[in-house]
Structures are given as structure tokens and as C-alpha cells.
Amino acid sequence: MKLTRREFAVGMTAAIASMTLPRLATAQSSLVVPTYGGLWAKFWEEQLLPGLTSATGIQPQLDVGLGKDFVAKIRAGGDRSPYSIFMGNENIAAVLRAEGFFEPFDLAKVPNAAKTYPQFINKDAKGIRAIVSPIGLAYRTDLVKTAPTSWHDLWENPEFKGKTGLYQIGNTGAVLFLRLVAELFGNGPDDFDTAFAKIKELLPFTQASWSGEVATALIRGDAIIAPVDWTEIMTLQDKGAPVAIVAPKEGVLAFEQSFNLVGTGAEKDAAHAYLNYILDAKVQQDMAKAFYTSPSNNESVVDDALKARTPIVGPRMAEIKSYDWDSYVDKAAEIADRWNREMA
Amino acid sequence: MTALTIDRINKRYGNLHILKDISIPIGQGEFVSLLGPSGCGKTTTLRCIAGFERPDTGRILFGERDVTRALPEQRDIGMVFQSYALFPHMTVAENLSFGLEVRKVAPADRQRRIADVLAMVRLEGYDKRYPRELSGGQQQRVALARALVIEPSVLLLDEPLANLDATLRDEMRFFIRDLQQRVGITSIYVTHDQAEAMVMSDKIVVMSAGTISQFGSPREIYERPASQSVAGFIGRSNTIGGKIAEALGQDSYKVETPCGSIGATGPAGLSRGADVKIMIRPENINTRSQAAAAGQGAGEGGHSDNVLSGSVVNSVYQGSANQLAVKLGSGDRVIVDVNGRNPLEVGEQVALRFAARDTWLLAS
Amino acid sequence: MSAVEAAPRIESRSNRGSATWMVVPALVLLIGFFALPYLTIITMSLREASTRAVYGEGFTLAHYTSALRDFYIWGILGRTLLIGATVTVISLLLGYPVAYHLAKSRSRWTSLLYIFVLSPLLVGLVVRTFAWMIILSNNGVANQALQAVGLIDFPLQLMNNSLGVTIALTHVFLPFIILPLLGNLQAISPDLAMASRSLGASRMRTFWKVTLPLSMPGIQAGTILVFVLSISAYVTPAMLGGTGGRTMSVLVVQYLVDNFRWPAGAALAIIMAAVAVIFVGLYLRLTARAMRRLP
């Protein structure tokens, strides 16, 4: 999940505002689509929405914010959600799904789902992870002698001791990493005791609230290695920073933007059409060019130059570890508390 | 013996020459007023004495002690401000105690002295009050008591009555003067109010534009002003221009004016032909209607009398007296005080009669 | 002297009633924007937790009892108050001389100093905090300078702890203590200090006995402002605090925004607010004693 700093700062305000004015839901006339700020908002405004309108005739309103804002608004909307479609990290979407706000998509109305890599379509079409930003191991090319090839290098390469950057537990990146470590060292992605024990071995490490903060830590040299998404590192490389990112041999993680049909939304047909357009091979290609995501459509074509920089495309999409979050919801609070207490 | 000597002090702020060679000798127990319009340097002089300003050159002596470089707290002064400057977070007693505590006076002594000084300013029983619970006049008496209780060698008063209303100000003039005389403390009093300076002071320093215009007793300054500006600043005065015709004695002259020749008193040493102005105070002119004067005949007023004639152009009723404006033959206007019951009409011809000893010659 | 004898006792109480209606708009504003939101948050804090709904059906005190039994929360609360108190004390020590100088000075450089004092307010909070990150990080300006001159061999931990948060908050909130103090000090007549010195008191004694007691209202207003702002600050501790400098507001936001635990997060927010009210109340009582003699 990508956050700009401004968005981060308004998070609290939004949450409080939606708590204090619980019934101020907007009477909506058309489809409202949520998206993130920065490159995303720019892409939505300039390419995606005009394209959607010419392809389907739907003229949606754009609502720029962060996944957590969208959650707050849907929760506060009660039986009149401002959105008919939700976009957010899958682990966050799972929270609303558990709370009963979502209903399954009718895949007959989403023809492009057939071309989507199946690992990104949840069971019974309860959410589709349509936009995928893989997370690899990023490092400083000038400060690291032995480039990482495995997640185990975090524990085994002494160069990285005390120089590792990790997301803090409020960020999806941290829970993804937690489940990866549980899988690597324990008996499965739910073996949190093992995961906590192993991550504690990495202490002290720099904790970042969002990818931009990881990038800052890398650039300042406070961290020389960190799990972070390709998008962030490609952007840094474009600015000339001495950073690289690799796909460890055990596989990669990914920020998966999960699209969900909001049960209390009023524009369900339009929501289906919108999702179908998002999953379109051409749109997925354009997104990859705009902000280095990995197309989820198996018909999307990525040129060789881009493929050299973002290798997790096409058949290599199988390397992405997609976890099931529906059961995680019940443990989320406890895990956050535990992280707060143990990772300090 | 001089209690306080101000010796040729100068003070500049940038290009502004605020004090120019000010020298004032002040005797033990004297009450000296620094009088002048705002900006004349009187407050700066006081602050130099207090130590809040340091003169660029010159010396300030308290008795024999050179305090020019001493800090205010080392000078042994008592100071009273226009704003009273009572400490608002302290009671009257605490305000009075402040200077005594600094001087490490024993508590029992402190209490006795505070009681004494409160009695002196007639504020017995007010010791527990806060300044805000007192009237303006009471506050200023506390300020006076606070300055006196430490028994300083010099009392400095910076326009202490300017914030009080007129009636109260009159009462306080006499109160302060009386107190000063009873205590016998050398005092320097800054004011722009000439009446205040006249009734309170032993000596007055008339200041103007950073210099001393005149230094003398109130009588000297009133009757023998050193310049036309002093004469104008202190009380009301008339002037008639002329030339010295003849010296009649050491300080008496005959002056030729457009209204005729006038016998006048003046400083010694005025030379024949010198341009002068004859100053005469309105209350020293005797007025009669021309008709009445003719009836009584000449010579009655004595040999030193001068007589001028003119016509009444204005008459203002002031209760105890009428103030007349009389236009002389020369065109000069003269202000005259006449008895309130004496009916003189505008347009009436009058004879103005005044003694040579009531005049004073000013260099023109 | 009979005219002066009657001291006018100040009578202000009798005039208060007629002005009561003037507070109505403020009251409406307070209820609408202060009381109602608080009521909503309090209600939320009493809801049961649920992962199958935004909050559970019933009401419970469990969020309060579990928070108050939790040493971790107590630790964060203690750290928040400690940071607030430290920032307040340092701001006072740094701000008082500046305010004092500004109040007394008639120099043409004063306006420059004003701009300097107010400059933290002219730059956005996030930008300012980011600047501090650049200075305080392990490879930041401060550490590089110290290493360059050979004072330290390894970088000092200047951020991701209370230290960094304290430094940055002090910078950010310094104007909030200087401005009330400045207003207060400027209102104190310079005659009072002169009177004190004419009575024989040194500059030092004058400061302690006259200026300082009279500036208590400014000190009180400024310190409360800085304390309350510091303990409720979010952006600075969120960016500079890391885990070692996490404060209550960061924790509350994590509960509410990151973990979607509205009831528990609301309870934490209420606990924080209550603690702040208690501390400010105690402080008011304490300082009121020091100010009871002031007009």
C-alpha cells in the first residue's frame, strides 16, 4: 500500500471526522471510485477514468485518499456506503469483509477475470486482487558487498546486522513479512510465535510507517537493506539513487490491491464494469509503465526493457506469495499489540 | 554645603545632543525643580542622577562621592514615578519593606520604620492593602513613603502628580513640600508645570533644548527672568521693545520706546543704544480710565511711575479679576489685570501706570 | 486629604450577569464541536470489540480496564507525559530569555529576531519534522558532524526515541511559549524594575522579586499551551519517534486507523484526554498559588 505523507497525516482526522459525523453519508448519483494520491491519482485522472468513460460510458467521481480512509467511510456509511467498490490492501479488505460490508462479484459481469492470474481471485469471487506491486529485498548497491539472494540473508549476512529496515506493524508490509517469516521458519504462514521469535533476532532495525519512509532510511544509509516494493525502488532509481532490488529465491511478497463489491453500494453494475476495466490487459500494461506494478492480466505485454527492471511479470507472477487474510482478521489486534511490545 | 553636584554633563543619542554641559549645584535639604517643556532634557538629567542613564562626559557627585559610574542600586536614592510604580503583587507594607530588606534592616526595625512612614503619609492601617485597592492619591503617597522609608540621601521625583486630577494635585503639592521640609531631604523634582515648580521649589532649573535657561529661586525667575523665553514660560508677561537711552543707576535705565521714554530696571551693564525688551507682569500695571486719571491730576503716582495710554480692545471676566487687552499707541498689545468691579469697556481710552521697579529688561 | 481617603474597592462581580448572553455563541460552538464529539468518542469507547462488525452489540468497560492493567500502555503514557514536561521546561528556559529580550529591546534587529522566533510557524509541520529527520538520523547532519570532528566513533541514536521527539517538539512549540510571555512581559511597566533598583535591588534581585512574579500569567499560559500541544502532537512523534519514542497519540492513531479498533482506540483517547485534564488541573492549582497576589 502506497501512502503519501499528506495522506498519512490526514488519516487521523478522517477517522475522527467519520466517527463524529456518522450519518453524513453522501447521496450519490453515480459511481464513486477510490484511489490513492500521487502517481495513482494522476494515472486515474489522466488515463484510467477517460478510458473507462470511452469504453463503457460510465463517468465516475474520483475520491483520492488512502485505504484506511475508505474503510472509515464505508464503516461510517453504515447501510448507505459512499462507494460501491472498495480498493485497498487485501488484509485491510478482509476486515470489512469480515464485518459483512462486501458481497461476491458476479464474474459473468467481469469477463477479464478469466484472464487474471487465478491466485489473485479470492475464493467464491469475494474480492479480486487486481493491482499487484511485488515486494522484494532492496539494498544499497554502494554499501552492500554481497547482494542478497534469499530472505535468509537478513539473518545470515553479518553486513545487514543493525542495518535492516522493516515496515512497522501498522503497514501491510509488516504483516506480509510476518507471515512470510512464519512460513520460512515455522510450520506455515500462521505460525506467528516462530515469526516473532525470528524477527526479534533482527533487532535493532529501523521501522518505517510507509514505503517512502523506507526509501528515506535507505537513502540516508540508516538502513542498507529492506523489504520494499518495486514501485518505490524503481522511482528511486529513476532519481539516480544507488539502490537495487532483487527477488529472493524463496519468492516475493506483494501489496495486492483488493477490489470488493460493497453490499450497501448503489452502483453495483457500474462497479463490475469498473473492475473489468481495471483488469483489462492494456490498462494493466499502462499501470506497469506508470508506476511499476506487475500486470495481473496474463495477456498483458511487458516490453523487455521494463521486464529487466521489474522481473516479476508473466509466468514469474507465480513467485508472489498471496496469503489468505480472512482468518487473520481475528488475530490482527493481538498481533499489533504484540509487535508494539516486542519489536522495540 | 552641596549635597549633589551635577558637573558639566553631556548626553547624546546618535546625532541628538540631549544634554549640553549641564551643571547644577544642589544644597543639602534643598528642593530643586527641573522645569521645562517635554524634550528639554529634564527627565534625562534625572535619570543620569538616578543612574539609569550614564552621561557621556561630566560628573555627578553625591556630597563628595563620585557616583557617575555607579549603578542605580549603589547610589542611595529614593525615586517616585509618574506611574507610581508600586509593585502590584505586594501589599503596601511589602512595598515599603522591599528597600529595607535589601538593606538588611532587622525585622523589628523594619516594622517600626514602616509604621512611622505610613503615619507620615497619613496612611495608617493601609499596610495590608494591595496597590490596586488604593486611589491614585493614596498610591502616590505610598510611593513617596516607599522612597522615604529607606532614608535615601536624595529624593528624585519624576512628574509624580501628572496622573492626578487638578484638585488632588493642588493638595499633593503642599503635602509633598511639607513632608520634604519636615524630613529635610534633598529633593529633585521634574515637572513641566511651572505653577507646581513655583509653589514647591527652593530653586528652579529652567531647561530648554538640552541647556539650562536659568537657575534660581522662584522669585528670581519670576521677577528677573534671564530671557524672553523664560519670561514667557513662567507666568504671563508683556514686553515692549525699545533702546537704552541712558543708565540712571547700576540697575536702572531710561529706555526710549515708540510709546515714549520709560524708566525701567534691568541687569547691570546694559550699554547705551542696546536693543532691549521691557517686561512687565500684568498684575503690576495699574489701570484707570483716561477721564478718571485726568480728574486726579498728575504726580500722584511718584517719580518712578511710567504712564502709557491706549485703548481697551478686549476684556475677559475671570472672577477675581478682569483681564484686559490694551492696544498702545505704538501698536503693541499689553495684557493687564484689573479689579473685577472696575467697569472698563472695550474701546475706552485708558492710562496704564507702572513702577520702574516692577519692570525687567530683557536682551532683545 | 479627605478627598483621597475613600479607596475605590474594585466591584466587577455585579456587572457579570448582563454579559452572560454574550457567551451563548461560544457555548453553542463548544457543545457542537467539543462536547458532542467527545460524547461520541466516549460512547464508542464503551462498545464491545468485534471482528464481525465495526463494534459489538453490548457495552463494556473492558477497554479501559485492560488498558489500565497494561504496563505497556502505562509506559507509553508515562513517556508521553515525560516528553511533554521536558519540552515544556526546555521551551520555558529557552523562550523566557528570548521573550525578555524582545520585550525590552528597542534595537532595529528586534524585528529580525521576531521573524526568527516565528519562523517555525511559517513552515509546514511535516516539512519541519522532515528537516529534523535529515539532521537527527543515524547518518544525518548531526551525527556526521560529530563523527567528522572525532567526538564520536559510532552514530548517536538521536531519533526513533524520545530524544528526537523532544528536540523537534521544542523547536516546533517554542513560539507558543514566547508569544504569551512576550505579551505579558511587555505589559509590565519598565518603571517597576527602575523602582526596584532605585530601592537598592540588583538586576538579579529585581528579576526574581519583581519581573518573574509578575510574568507568572505568561509563564502559566505558555507552559500549559506547550504541554498540551506536546502531549497531543501526532506528526512529529509519528515521524521521529519510531518505536522508542512512540507516544499516546501515535498509539491511538495506530489503534483507530491502522488496526480499525475503534472502541479500544477511543478508550485510549479518552484516557489520554483525562490524564491531560488532570495534569493541567493540578498545574493550574499549583500556579494559581503562585499567582494569587497578582491583580
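Using a/c under 1.5 as the rounded threshold, could you call chain C rounded, prolate or oblate? The axes a ≥ b ≥ c are square roots of the C-alpha gyration tensor eigenvalues, and prolate needs a/b larger than b/c, oblate otherwise.
Oblate, since a/c reaches 1.5 and b/c is not below a/b.
Rounded to the nearest 5, what % of DSSP beta bridges with both residues in the protein assembly as shown are antiparallel?
Of all bridge pairs located within the protein assembly as shown, approximately 75 percent are antiparallel.
For residue B:112 paired with residue B:2, estimate the spin-label separation in nm (one decimal), with each label point 7 Å from Cα along the Cα-to-Cβ line.
Result for the modelled spin labels: 3.7 nm.
Would you please give the FRET efficiency between residue C:212 and residue B:320, computed as 1/(1 + (r/R0)^6) with r the Cβ-Cβ distance and R0 = 51 Å, to the nearest 0.05?
FRET efficiency, residue C:212 to residue B:320: 0.40.
Count charges around residue A:237 for me, please; just the other residues with Cβ under 14 Å from its Cβ, Lys/Arg as +1, Asp/Glu as -1.
Taking every other residue near residue A:237 into account, the sum is -1.
Quick one: pull the percent of accessible area on segment C:71-291 belonging to carbon and sulfur, 1.4 Å probe, ligands and nucleic acids left out.
Exposed carbon and sulfur together represent 73 percent of the surface.
If you roll a 1.4 Å probe over segment B:86-172 with all protein chains in place, what percent of the accessible area is carbon or sulfur?
Of the solvent-accessible surface of segment B:86-172, carbon and sulfur hold 49 percent.
Over 19 Å between Cα atoms: which of A:123/A:289; A:161/A:321; B:11/B:42 fall into that group?
A:123/A:289; A:161/A:321
Please report the accessible area of residue A:190 (heavy atoms, 1.4 Å probe, ligands and nucleic acids excluded) in Å², nearest 10.
70
Using +1 on the beta carbon of Lys and Arg, -1 on that of Asp and Glu, and nothing else charged, what's the dipole of the protein assembly as shown about the Cα centre, debye to 20?
Charge dipole, the protein assembly as shown, about its Cα centre: 2020 debye, nearest 20.
Could you compute how much accessible area chains A and C hide from each other, both sides summed, with a 1.4 Å probe? Nearest 100 Å² is fine.
Rounded to the nearest hundred, the buried surface is 3400 Å².
Name the residues of segment A:295-344 whose accessible area, probed at 1.4 Å, falls by at least 50 Å² once all protein chains are in place instead of their chain on its own?
A:330, A:340, A:341
For segment C:57-214, what class follows from the C-alpha gyration tensor (a ≥ b ≥ c being the square roots of its eigenvalues): rounded when a/c is under 1.5, otherwise prolate if a/b is larger than b/c, else oblate?
Taking the square roots of the gyration eigenvalues as a ≥ b ≥ c, segment C:57-214 is oblate.
Quick one: work out the % antiparallel among DSSP beta bridges in chain A, nearest 5.
The answer is about 75 percent antiparallel.
Give me the distance in nm between label points sitting 7 Å out from Cα along the Cα-to-Cβ direction at residue A:203 and residue A:304, one decimal.
Simple spin-label model gives 5.0 nm for this pair.
Any chance you could give the angle, 0 to 90 degrees and rounded to 10, that helix C:71-104 forms with the longest Cα principal axis of chain C?
Approximately 30 degrees, to the nearest ten.
May I ask you to rank C:76, C:270 by accessible area, largest first, using a 1.4 Å probe over the protein chains only?
From most exposed to least exposed: C:270, C:76.
Enumerate the calculated ³J(HN,Hα) couplings along segment C:115-129 in order (Karplus 6.51 cos²θ - 1.76 cosθ + 1.60, θ = phi - 60°), each rounded to whole Hz, writing x wherever the residue is Gly or Pro.
3J(HN,Hα) across segment C:115-129, in whole Hz: 4, 4, 5, 7, 3, x, 7, 8, 10, x, 4, 5, 5, 4, 5.
Could you work out how far helix B:136-149 tilts from the main Cα principal axis of chain B, as a 0 to 90 degree angle to the nearest 10?
The angle comes out at about 70 degrees.
For a label point 7 angstrom out from the Cα of residue A:142 toward its Cβ, which stretches of segment A:202-219 have the backbone nitrogen within less than 14 Å?
Backbone N within reach: A:218-219.
Can you give the relative contact order of chain B as a percent, counting alpha carbon pairs under 8 Å and 6+ residues apart?
Across chain B, relative contact order equals 16 percent.
If the cut-off is a Cα-Cα distance under 24 Å, which lysines reach residue B:243, setting aside same-chain residues fewer than 8 apart in sequence?
Correct list for residue B:243: B:254, B:277, B:327.
So what's the net charge close to residue A:53: Lys and Arg +1, Asp and Glu -1, counting the other residues with Cβ under 13 Å from its Cβ?
Charge balance near residue A:53 sits at -2.
Can you find, among C:277, C:100, B:355, the residue farthest towards the positive end of the dipole of the protein assembly as shown? Put +1 on the C-beta of Lys and Arg, -1 on that of Asp and Glu.
B:355
Between rounded, prolate and oblate, where does segment B:125-201 land on the alpha carbon gyration tensor, with a ≥ b ≥ c its root eigenvalues, rounded for a/c under 1.5, else prolate if a/b exceeds b/c?
Oblate, since a/c reaches 1.5 and b/c is not below a/b.
Zone of residue C:204 (label point 7 Å along Cα→Cβ, backbone N under 15 Å): which residues in segment B:76-119?
Correct set: B:102.
How much net charge surrounds residue B:273 when only the other residues with a Cβ under 14 Å from the Cβ of residue B:273 are counted, with Lys and Arg +1 and Asp and Glu -1?
Neighbour charge sum, excluding residue B:273 itself: 0.
Any idea of the accessible area per residue across segment B:2-231, 1.4 Å probe, to the nearest Å²?
With the other protein chains kept in place, segment B:2-231 gives 39 Å² per residue.
Which whole-angstrom value gives the distance between the alpha carbon centres of segment A:126-162 and segment C:108-151?
If you average the Cα positions of each part, the centres end up 33 Å apart.
Would you list the P(r) distribution for chain A, with all Cα-Cα distances sorted into 20 Å bins from 0 and each bin expressed as a whole %?
Here the calculated profile for chain A is 31, 59, 9.
To the nearest 100 Å², how much accessible surface do chains C and B cover up together, summed over both, with a 1.4 Å probe?
The contact between B and C buries close to 3100 Å².
Can you give me the P(r) profile for the protein assembly as shown? Cα pairs, bins 20 angstrom wide beginning at 0, each as a whole percent.
Per 20 Å bin, starting at zero, the Cα-Cα P(r) for the protein assembly as shown comes out as 11, 28, 21, 16, 15, 8, 2, 0 percent.
In whole percent, how big is the carbon plus sulfur part of the accessible area of segment A:273-337, probe 1.4 Å, protein atoms only?
Roughly 52 percent, rounded to a whole number.
Only protein chains counted, 1.4 angstrom probe. Which residues of segment C:265-295 are at least 30 Å² less accessible in the assembly than when their chain is isolated?
C:293, C:295
Arrange the residues A:39, A:137 by how much accessible surface each exposes, largest first, with a 1.4 angstrom probe.
Ranked list, largest accessible area first: A:39, A:137.
Obtain the nm distance between the two label points defined at residue C:122 and residue C:187 by a simple spin-label model: each point lies 7 Å from its Cα along the Cα-to-C-beta direction.
2.8
Among the listed pairs A:68/A:268; A:115/A:268; B:104/B:203, give every one whose C-alpha distance is greater than 24 Å.
Table pairs above 24 Å Cα-Cα are B:104/B:203.
Towards the positive end of the charge dipole of the protein assembly as shown, with charges on Cβ (+1 Lys, Arg; -1 Asp, Glu), say which of C:56, B:97, B:189 has the farthest Cα.
Toward the positive end, the furthest listed residue is B:189.
If you place +1 on the Cβ of every Lys and Arg, -1 on the Cβ of every Asp and Glu, and leave all else neutral, what size is the dipole of chain A about its Cα centre, to the nearest 20 Debye?
480
Using protein chains only (no ligands, no nucleic acids) and a 1.4 Å probe, work out which residues of segment C:123-166 have their accessible area cut by at least 10 Å² relative to the chain alone.
Buried by 10 Å² or more upon assembly, which counts only protein chains, are C:126, C:130, C:133, C:134, C:137, C:138, C:139, C:160.
Per residue, how much accessible surface does segment A:174-280 expose to a 1.4 Å probe? Answer in Å², no decimals.
27
If ligands, DNA and RNA are left out, what is the accessible area of residue A:238 with a 1.4 Å probe, given in Å² to the nearest 10?
That residue has around 90 Å² of solvent-accessible surface.
Using alpha-carbon positions, what is the distance between the centroids of segment B:1-74 and segment A:229-266, in Å?
What the calculation gives is 81 Å, centre to centre.
The values are calculated or read from the model by the stated rules, or taken from the named source; none is laboratory data. Computed from a prediction, not measured in an experiment: that's the story for all the values here. When we count neighbours, we look across all protein chains shown, and the Cβ atoms used for this are built from the backbone with ideal geometry, even at glycine. These accessible areas exclude ligands, DNA and RNA; they are computed on the full protein's heavy atoms, side chains included. Shrake-Rupley method; radii C 1.70, N 1.55, O 1.52, S 1.80 Å.
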